[in-house]
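What follows is one structure encoded as C-alpha cells, with my remarks underneath.
The values are calculated or read from the model by the stated rules, or taken from the named source; none is laboratory data. Computed from a predicted structure; not experimentally measured. So basically every Cβ, Gly included, is an ideal-geometry build from the backbone, and we count neighbours across all protein chains shown.
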Amino acid sequence: MARFQRPRTVSEGVYGHLRDELFAGRLRPGQWLREQEVAEELRVSRTPVREAMRRLAQEGLLLISANRGARVRPITLEETVAVYEVRERLEGMAAWLAARHGDRAGVDALLERLQAMTALSHDDYVAHVWADNDLHLCLAKLSGNPVLAEFVQRLNERVTPAKVVTRDLNATPEVRAQHRAIVEAVARGDPEAAEGAMRDHVRMNLAVLRVRLAAEGCELTAPSAAPAAASEERPGTRPGV
C-alpha cells in the first residue's frame, strides 16, 4: 500500500487512507485485510482500523466475516450489468429533468464541477473517482427530484468498486467529451440531448467494464448484495445512506 500519513484524527485518517487505497486500485477485489496486519502497517491500534473497516463495509466497499477479517468486495459481471442497466435509466432521467428544471445556480455548480474534474492530473485516479461521483450527484440534485437524487447517490456508492476498475477513463479525451456534452446539454436546457448523452456515457462505461472484468476472470454469478447489506456478518448497526 502507499505510504500512510498520520492525520489529526486517527480513526478518520485510517478510513480515508483505506478508502483511497481502494479507489486507487491498490487493494484488489477479494483481497483480505486483517485488522492486526493493517494496524501494524499503519502504526495505529486495532480500534480505529476496526471502525474504518465497518464504515467501509456499510458503504459496500468491504465485506466483513466474523473471526476472519474483512475483504475487498468482489466485483461480478452479472451484478455490474444489472446495476449499470438501472443506472443508465435513472441517470438519464436525472439529466433530462436537470435540463428541464435546473436553475442558474445549479447549472453553475455543475459547470464548476466539470471544470474541477478537467483540471485534475491525469494519473490522480482517487481524485477522479471522487470528482466523478460528485458531478453525477450534483446533476441528480439539479433534477429537482429528491427521491431520484437519493437513488442516484445509492447507485454511486454501489458502483464505486466498478468505477475503480475504470478509474483511468475519466481523464481520457472521450470521457471528458462525454461529460462536457452532458453538462452543456443541461446548461442550454435540452432535455433530450442531456438524457441521450448521459445514457451513451453509462453504456460506454459498461462496455469497458465487460471487457476488463472478463479479462480479470471475475465471476459471472454471485449474490447481489447492496451496500446496505455488504457485511457478511450480522452487525447491529444501521447501514449508511
ask   = When both residues are 6+ apart or on different chains and their Cβ atoms are under 9 Å apart, which pairs have a first residue that lies in the range 21-39 and is farther than 16 Å from residue 73 by Cβ, and a second that is surrounded by fewer than 17 Cβ atoms within 10 Å (Cβ to Cβ) and among the basic types (Lys, Arg)?
value = 34/68; 35/46; 36/46; 38/46; 39/46
Among the candidates 196, 189, residue that is in a loop (DSSP other than H, G, I, E, B), surrounded by fewer than 22 Cβ atoms within 10 Å (Cβ to Cβ) and at pLDDT 95 or above = 189
note = For the range 65-116, the count of residues that are under 17 Å from residue 135 (Cα atoms) and not assigned by TED's automatic domain parsing to the domain that holds residue 164 equals 0
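Taking the stated definitions as given, is residue 60 of a type in the set (Gly, Ala, Ser) and assigned by TED's automatic domain parsing to the domain that holds residue 130?
no
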ask   = Does residue 176 fit the bill of being within 22 Å of residue 22 (Cα to Cα) and touching a helix residue (DSSP H, G or I) at 6+ places or on another chain (Cβ under 8 Å)?
value = no
message = I'm trying to understand the selection: among the residues of the range 154-187, which are under 13 Å from residue 131 (Cβ atoms) and basic (Lys, Arg)?
response = 163, 167, 176
key: Top-ranked residue in the range 39-62 [being of a type in the set (A, V, I, L, M) and under 23 Å from the mean Cα position of the chain (by Cα); ranked as nearest to residue 160 (Cα to Cα)]   = 61
query = Do we have residue 171 as farther than 17 Å from residue 95 by Cα and without any contact (Cβ under 8 Å) to a residue 60 or more places away in the chain here?
reply = yes
message = Please count how many residues of the range 135-178 are assigned to a loop (DSSP other than H, G, I, E, B), of a type in the set (Ser, Thr, Tyr) and buried (at least 17 other Cβ atoms within 10 Å of the Cβ).
response = 2
task = Identify the single condition in (1) hydrophobic (A, V, I, L, M, F, W, C); (2) closer than 21 Å to residue 205 by Cα; (3) free of Cβ contacts under 8 Å to residues at least 40 places away in the same chain that residue 147 does not satisfy, given that it satisfies every other one.
result = (2)
Test: residue in the range 39-46 that is buried (at least 21 other Cβ atoms within 10 Å of the Cβ) and in contact with an Asp or Glu (Cβ under 6 Å, 6 or more places away or on another chain) = no
